[in-house]
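Step one of this worksheet: look at the structure below.
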Amino acid sequence: MSSGSGRPRALVTGVTGQDGSYLAEQLLGEGWDVWGLARPASQPGNTRWIDHLLRGNDESGPRLRLIAGDLADASSLDRAMATVQPDEIYNLGAQSHVQVSFELPAATGQVTGLGVLRLLEAMRRHCPRARFYQASSSELYGQVVESPQNETTRFYPRSPYAAAKAYGFHITRNYREAYGLFAVNGILFNHESPRRGENFVTRKIALAAARIRAGLQERVHLGNLSSRRDWGFAGEYVEAMRLMLRVEQPEDYVIATGDTRSVREFCEIAFAHAGLPLTWRGSGASEQGLDEDGRVLVAVDPRYFRKAEVDALRGDAGLARERLGWQPRVTFRQLVEMMVDAELEAVGLTAG
Ligand code: NAP
Ligand code: GDD
């Protein structure tokens, strides 16, 4: 696989996000030329996690280049595809926040749902022999009908985001079947890292634990503490994306740890690691997490409750283990501690 420079080329949408930055790093490490599709408005202000890759550009070595585009704008995708002529396409771009999707349902549908179709159409026109990865989500399972969830579990989306992802899933599969494209869905369960957006619950908690310990914040307000997720480490999950495009047959895969934990458990480990062990008082909307001196560090705020919640997710990545040889290595505790360590370091502290 190669084109142009002789090196294989990848086009990554969502390159400024958590997964995009890890994926670009890994592809560059493998010697690929990587082009990141980025909204012009997000350059240069929003390139924190890829600045080191952009700085690394040189004449001879592999490099990350940005190309302007928006999943809502078909002409920009057409231009990007014609320019890059990629061997692999990773569609990671999305309005990816579930709560936000209730406030911006149509915009979410345009980008997270129809954006997939626009990209597939551009691929079909300019590089039908490329391989296409769609960032599908465990949110598809929503109100789960069985546990753990695998590739055959029925979908029950619970948000405009999940409904848009359901469209993206099916249109990817349809283009595979109708046009013979190598197009696959990775159904990824929640994956986190120090690069997670600050409005997702894990990063919000890690950030708060460090800032409270440093005296920069008094407490953190959260929503549903009982919600359970199957949380893994993003760096490992993007490895699975690459593997899915390197096998002979295009297939859809679940990527998960098989472990499910509550938001409350995440708080307990995070705060203890920051030297602030919690005890709990109250329940539901009046639940609070207190430190040893009785100070309230965690308070529930119903503003963060979802209009329709996904109560519990747990994935079965057996197929990926068998066919891709993929399995997670970072445990839940290691993930939480990694995230808290990064935030402690950012405020000049260390764990304990
Ligand atoms: P993220 O950090 O929120 O990144 C989203 C990316 O999408 C950003 O680079 C953003 O660019 C870009 N984007 C937003 N609107 C766009 C548009 N109109 N056109 C082009 N790009 C646009 O998300 P992530 O956690 O890395 O997740 C990557 C993908 O996997 C997403 O599709 C997400 O829905 C899906 N997913 C994530 C998880 C998870 O647990 N992380 C699990 C399953 C599936 P800007 O910098 O311009 O905003
Ligand atoms: N964001 C947020 N903020 N969530 C909170 C809060 C809070 O203050 N308090 C409790 N939660 C609960 C949410 O109600 C939800 O049940 C859980 O924490 C996780 O929320 P998020 O971290 O926002 O992630 P998500 O599971 O809704 O969605 C993420 O994972 C999906 C895969 O299952 C996103 O990355 C999606 O893009 C992804 O598809």
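For this structure, a couple of remarks:
- Theoretical FRET efficiency, 1/(1+(r/R0)^6), r = Cβ-Cβ of GLU121 and GLU198, R0 41 Å, to 0.05: 0.75
- Residue-count net charge about LEU349 - beta-carbon cut-off 12 Å; Lys, Arg +1, Asp, Glu -1: -1
- Computed over the range 221-264, the range of Cα coordinates on each principal axis works out to 46, 17, 15 Å, biggest value leading.
- If you bin all the Cα-Cα distances of the range 138-254 at 10 Å, starting from zero, the percentages per bin are 11, 34, 33, 15, 6, 1.
- Per-residue Cβ neighbour counts within 10 Å put ASP293, ASP252, ASP33 in the sequence ASP293, ASP252, ASP33, beginning with the fewest.
- Between ALA214 and ARG65, the FRET efficiency estimated from the beta carbon spacing at R0 = 30 angstrom works out to 0.20.
- Computed over the chain, the per-residue total of -39500 (n - 2.57) for DSSP H runs of n ≥ 4 gives a 222 nm mean residue ellipticity of -11000 deg cm²/dmol, rounded to 500.
- Computed from label points 7 Å out along Cα-Cβ, the spacing between GLU146 and ASP73 is 4.5 nm.
- Per residue, the convex hull volume that the Cα atoms of the chain enclose (Å³): 131 Å³
- Alpha carbon convex hull of the range 206-341, projected area averaged over orientations, nm²: 9.4 nm²
- For the range 120-127, the Karplus equation 6.51 cos²θ - 1.76 cosθ + 1.60, evaluated at θ = phi - 60°, returns couplings of 5, 5, 5, 5, 4, 6, 9, 8 Hz by residue, with Gly and Pro reported as x.
- Net lengthening on full extension, TYR156/GLU345 (0.36 nm per residue, minus Cα-Cα): 64.0 nm
- Highest-MSF residue in the chain out of PHE189, PHE332, PHE305 [GNM, Cα springs under 10 Å]: PHE305
- Between ALA183 and PHE132, the built amide H atoms are under 5 Å apart, and every one of these is 5 or more places off in sequence or on another chain.
- In a DSSP loop and with at most 15 other Cβ atoms within 10 Å, the GluC sites (Glu not before Pro) in the range 260-322 are GLU292.
Throughout, read-outs are computed from the coordinates displayed, never taken from laboratory work. Small disclaimer: the values here were computed from a predicted structure and weren't measured. Please note: Cβ atoms are built from the backbone with ideal geometry, for glycine as well, and neighbour counts cover all protein chains shown.
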